[in-house]
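Written below as structure tokens is the structure these notes are about.
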């Protein structure tokens, strides 16, 4: 299987140093260098033995970077950075699911599948790194946690659920608190899914498409708490 460092675009953003791939963060401008440095910091803290919150925060950081990253960056390969962050986020959501069975993982997995498709990543028999990441994420996106806790129906999650968790919208250049998922849901326009708890008592609360339910989640563990 090809590694992510062998991808033609990702090769443009790394160089070998002491036998290891080294990200050329110094090639980024003053705006994007701190953004990518911050993401790498989140990513490096992720481990199967770390709390679920670490993997979740890294996933959200990855979503925010990709949603904000422009198509072109002076002096470096923007597509290479995009592929690198998407691939890393696919690995982080896999840890979030496999190590913690976190109820938020399928929503993030939906975003990862959408993002991988946008850069040409599709199932390819485990030939490329992006294709392998796609296949692995499909099992997370279709996991049993993507179930309506009220009706039991399977929920097909897309990228919007993942974006809501990260606090961004499609095509939004900067994360904004002006339109959080709770306000969208309160307006009756959001599909059935998990969203940030509008009461503030829990990390997530389930919106059934018309109202907030008693189903809540914290660090991947679900329980009930009336609104």
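Overview of values
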{"quantity": "Point-to-point label distance, residue 127-residue 53, nm (Cα→Cβ direction, 7 Å offset)", "calculated": "4.4 nm"}
{"quantity": "Order of 32, 207 under a 10 Å beta carbon neighbour criterion, fewest first", "calculated": "32, 207"}
{"quantity": "Relative packing of 114-121, 54-61, 21-28, which averages over residues the other C-beta atoms within 10 Å, highest first", "calculated": "54-61, 114-121, 21-28"}
{"quantity": "Value of relative contact order over region 4-164, rounded to a whole percent, pairs C-alpha under 8 Å and six or more apart", "calculated": "21 percent"}
{"quantity": "Pair residue 218, residue 15: separation of 7 Å Cα→Cβ label points (nm)", "calculated": "4.9 nm"}
{"quantity": "Region 4-164 shape via C-alpha gyration tensor axes, a/c threshold 1.5", "calculated": "prolate"}
{"quantity": "Estimated distance in nm for a label pair at residue 38 and residue 225, the labels positioned 7 Å out from Cα along Cα-to-Cβ", "calculated": "2.7 nm"}
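Bear in mind that the values in this text are calculations on the coordinates, not laboratory data. The structure presented is a predicted model; accordingly, all values stated were derived computationally and were not measured. Every residue, glycine among them, receives a Cβ derived from its backbone with ideal geometry; neighbour counts consider all protein chains shown.
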